[in-house]
Amino acid sequence: MSGATSRNYLQIPAAGLTALDRSVDRMQTVTMTTESVEDFFARYTGYLTAGSIEGLVGVYNYPSLAVTAAVCLAITDPQQSRDFFTQGQHFYRSRGIQGVRARDIVTDVEVPGIWIGRLVLENLDSSGAPVGLEHNAYQLITAADGTRRIAVSTPLDAYNPSQSGS
């Protein structure tokens, strides 16, 4: 590759800095949330426990992302969530898991309209006794109606302990 060619990829596109400046002008006011993070996860785990597929579909933003080190899956259609949670419902129920509750919610970053954090989902048997834990990270956004929605979901237990870096 010649010197002139290798530098071309560093140049600002034809629109230049003017286009970048204008993009800031189009920023809209952020909707304020109407629910706390704890209330959101209570709602989310309530849908998981009840097996409310439509409730679960409603707590996701479209598009959203499911991210692991192995894959980054774009969830662009509510039907993808319906299919995933229908399969998950059968998987968990067949293992005696009848409920779930959120524990140890940690806020890593919160700015208007965005919450980034992690928590433990505690799986419960039919008597409400704990039978397992799942560690997850989430990025939530605030929808136009003020409710929170999942924009990014990352299952943190998808890794071997030797891969975790901690």
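The values are calculated or read from the model by the stated rules, or taken from the named source; none is laboratory data. All figures in this text were calculated on a predicted structure; none of them were measured in a lab. No Cβ is skipped: glycine too gets one built from the backbone with ideal geometry, and neighbour counts run over all protein chains shown.
A few notes on this one:
- Residue check for Ala144: touching a residue at least 40 places away in the same chain (Cβ under 8 Å), more than 19 Å from Gly46 (Cα to Cα) and surrounded by fewer than 17 Cβ atoms within 10 Å (Cβ to Cβ): yes
- Gln87 fulfils the conditions (1) part of a helix (DSSP H, G or I); (2) at pLDDT 95 or above except for a single criterion, (2).
- Test for Ile150: is it surrounded by 17 or more Cβ atoms within 10 Å (Cβ to Cβ), assigned to a loop (DSSP other than H, G, I, E, B) and of a type in the set (A, V, I, L, M, F, W, C): no
- Conditions (1) buried (at least 18 other Cβ atoms within 10 Å of the Cβ); (2) of a type in the set (Gly, Ala, Ser); (3) assigned to a loop (DSSP other than H, G, I, E, B): number failed by Gly128: (1)
- Of the residues making up the stretch 55-93, just one is of a type in the set (Asp, Glu) and touching a residue at least 12 places away in the same chain (Cβ under 8 Å), namely Asp77.
- Residue count, the stretch 64-100 (criterion: closer than 17 Å to Asp157 by Cα, over 14 Å from the mean Cα position of the chain (by Cα) and surrounded by 13 or more Cβ atoms within 10 Å (Cβ to Cβ)): 3
- Candidates Ala137, Ala144: the one that is at pLDDT below 95, under 28 Å from Thr31 (Cα atoms), touching a Ser or Thr at 6+ places or on another chain (Cβ under 6 Å) and of a type in the set (Gly, Ala, Ser) is Ala144.
- In the set (1) surrounded by 11 or more Cβ atoms within 10 Å (Cβ to Cβ); (2) outside any strand (DSSP E or B), Arg103 fails one condition alone, (2).
- Comparison of Asp108, Asp104 shows that the only residue that is within 19 Å of Ala42 (Cβ to Cβ) and out of contact with any Asp or Glu (no Cβ under 8 Å at 6 or more places or on another chain) is Asp104.
- Residues satisfying the stated conditions in the stretch 51-67, i.e. closer than 17 Å to Gln87 by Cβ and not in a strand (DSSP E or B): Gly51, Ser52, Ile53, Glu54, Gly55, Leu56, Val57
- Residues located in the stretch 58-108, provided they are of a type in the set (Phe, Trp, Tyr) and over 24 Å from Gly132 (Cβ atoms): Tyr62
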